[in-house]
Amino acid sequence: MIIRCLLVLCFLGASAALANPLEREMDQARPDARELQRAKQQLEKPSPKGVETRLFVPPFHKRKDAPALSATFCRSCHQQYPHRSNVRKRAFLNMHSRYISCETCHWRPEGKQLTYAWAKVLGSSHAQGMIVPGLKGEQALIMENSPWAHALKQKWEEADGAGRIEIKAKLHHPLRTKGPGCGACHGNEDALLDYGMLGYKPQRARELELNPTARFIERTEPQSASDPVRRIHIRDLLE
Ligand code: HEC
Ligand code: HEC
Ligand code: HEC
């Protein structure tokens, strides 16, 4: 009995040590009643804008569209192009999702100093792979085939309705519903990414900081539903 307890403790210790910082946050998350309620509504009545493919089991014909990128954990439930609701930004956000990991934009815990680096991810559209966040030297990208993701997938498959609501809420508790604005990476101040550390030459870094398209999209973001939508004209890009 004692040996069994020790083995279990060892196993728990080992799996906690294997988990990356985001996985640990998800495991320890304590979603509140509002988050659980939201998850309940989302899972009971999936919105056409949300996850369209069946969770963890994408239909065959969709697999072909995105063979390699489905290897990241988020994509085991979310679609290849998860951004839909913001019509002005969605094409850019989906384009970026091919070389910037979901975690980079959606996991930005307050009070923690994250660093960003390239990681090799099969299927990325960028020669360097994907930009992923790290905390104290540990990368926080979750791959679909990680032991933690396997265990979670099994839990999900065995869970009933209430269990799945809790899993959804826990997974999303550390995440932000919205990612950063374009200006966080294409602006002069409060830069999220350090382009030098990512290996960009100063000239290219400057180009990215001053990118006119990103700055235009950010500057003209409607503040309320009644704001008129501004379309891009060539002269805006030259300003
Ligand atoms: C077990 C399946 C599953 C996994 C894995 C998953 N999601 Fe989700 N996610 C959902 C569901 C279901 C919704 C609700 C969609 C809807 O109905 O609007 C959602 C919604 C979201 C939302 C909108 C805000 C919210 O909380 O409802 C964001 C942002 C998001 N997910 C990001 C991510 C990121 C980033 C990852 C990877 C770290 C991830 N998700 C992994 C199932 C999943
Ligand atoms: C470059 C930053 C960036 C990356 C990378 C990114 N997101 Fe987002 N995401 C955003 C922003 C910004 C929003 C909010 C858009 C809005 O409504 O203004 C958002 C919103 C969402 C939403 C809400 C639904 C919707 O239609 O907008 C979901 C779900 C989501 N992201 C999932 C993901 C997943 C899954 C990944 C990885 C495959 C990912 N995101 C990668 C920035 C990003
Ligand atoms: C998390 C940081 C991040 C956010 C947020 C972000 N971008 Fe980017 N963006 C990048 C990086 C990094 C590149 C360059 C990738 C490369 O080619 O090496 C890039 C490239 C681009 C490019 C191509 C520029 C070029 O010279 O190749 C455009 C256009 C662009 N982003 C627009 C946007 C818009 C519009 C938004 C907001 C909807 C946005 N970006 C949000 C990081 C970001």
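Here the range 103-199 has an Rg and Dmax of 15.8, 48 Å, counting Cα atoms alone.
If R0 equals 30 Å, the separation of the Cβ atoms of Glu221 and Ala71 corresponds to a calculated FRET efficiency of about 0.40.
In this simple spin-label approximation, Ser125 and Ile232 carry label points 7 Å from Cα along the Cα→Cβ vector, and these lie 1.3 nm apart. What length, rounded to one decimal in nm, is gained on full extension from Asn86 through to Arg30, with 0.36 nm per residue of separation minus their alpha-carbon distance? Difference between extended and current length: 17.3 nm.
With the largest listed first and rounded to whole Å, the semi-axes of the equivalent ellipsoid of the range 186-232 from the Cα gyration tensor are 28, 11, 6. The gain in end-to-end length when the Glu157 to Gln41 segment is fully stretched comes to 39.8 nm, 0.36 nm per residue minus the alpha carbon separation.
Here the gap between Arg98 and Glu189, fully extended at 0.36 nm per residue and compared with their Cα-Cα distance, gives a gain of 30.3 nm.
Rule-based calculations on the coordinates, nothing more; no lab input. Everything quoted here is computed from the prediction, not taken from an experiment. Because the Cβ atoms are built from the backbone with ideal geometry, glycine has one as well, and the counts that use them run over all protein chains shown.
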